[in-house]
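The values are calculated or read from the model by the stated rules, or taken from the named source; none is laboratory data. Please read all numbers here as calculations on a predicted model, not as lab measurements. FYI the Cβ positions are ideal-geometry reconstructions off the backbone, even for glycines, and counts take in every protein chain you see. With ligands, DNA and RNA removed, areas are computed over all heavy atoms of the protein, side chains included. Shrake-Rupley method; radii C 1.70, N 1.55, O 1.52, S 1.80 Å.
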Amino acid sequence: MKRRDRDSEGFFNRVREFRESRSMSQGELSKLTGLSQPFLSLLETGKSGGSLETWKLLSVALGVKIDDLL
């Protein structure tokens, strides 16, 4: 199993934090981004990293800068 460091764990948690602060479900975020709900779950748990395009989609849907997610 791959070990995650503290910074990367925070990175993935920020997606969940921004989503939840907007009272948004993974299903709603999925519809806004075109990313599947299972994939969003993998992102939020750090089991998948996603591409730059993925993070762009997330930042637009969550109304934040990509830097805010990092």
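So, in the stretch 24-52, of the ones that are open to solvent by 100 Å² or more (accessible area, probe 1.4 Å) and modelled with pLDDT of 95 or more, which residue ends up nearest to LYS65 (Cα to Cα)?
In the first step, residues of the stretch 24-52 are kept if they are open to solvent by 100 Å² or more (accessible area, probe 1.4 Å); the result is 31-32, 47, 52.
So of that shortlist, the ones also modelled with pLDDT of 95 or more come out as 31-32.
Details: LYS31: 19, LEU32: 16 Å.
That would be LEU32.
Any residue in the stretch 20-33 that's under 15 Å from VAL60 (Cα atoms): show its pairings with residues that are assigned to a helix (DSSP H, G or I) and open to solvent by 100 Å² or more (accessible area, probe 1.4 Å) at Cβ separation under 9 Å, as long as the two are six or more apart or on different chains.
MET24/LEU32; LEU32/VAL60; THR33/VAL60
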